[in-house]
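Notes for the one structure printed next.
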Amino acid sequence: MQAMEKQIRDEREVFFLAVGMWKQIFVTLALVAVAIVLVECLRWTGTH
């Protein structure tokens with residue numbers, strides 16, 4: 001019984017680690033996208 005509980009806990013930790021990793025990747029991508037859009041807007045307003 002205890003071993004099964006430990007396995008479930010381990011699986012949950014792995015799941016949370018994976019979710020955290022994906023969240024970090026998503027946030028990084030979002031920041032990069034925002035930065036690119038800002039740079040493009042500044043360049044566009046600068047040239048026109």
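[x] 26; [y] 81; [z] 62: which one is volume of the Cα convex hull per residue in Å³ as calculated from this entry?
Correct label, based on the coordinates given: [x].
Rank L29, M4, V19 by how far each Cα sits towards the positive end of the charge dipole of segment 1-44 (+1 on Lys, Arg Cβ; -1 on Asp, Glu Cβ) and give me just the farthest.
The residue sitting most towards the positive pole is L29.
Would you calculate, for the chain, the mean residue ellipticity at 222 nm contributed by helices, counting each DSSP H stretch of 4 or more residues as -39,500 (n - 2.57) and dividing by all residues, to the nearest 500?
-35500 deg cm²/dmol
How many nm is it between the label spots at V34 and W22, if each spot is 7 Å from the Cα in line with the beta carbon?
Between V34 and W22, the simple spin-label model gives 2.2 nm.
Hey, what angle do you get for helix 2-47 against the long axis of the chain, alpha-carbon based, 0 to 90 degrees rounded to 10?
With rounding to tens, the tilt is 0 degrees.
Read-outs throughout are calculated quantities, based only on the coordinates presented, and are distinct from any laboratory measurement. Since we're looking at a predicted model, the values are computed, not measured. We place every Cβ from the backbone using ideal geometry, glycine too, and count neighbours over all the protein chains shown.
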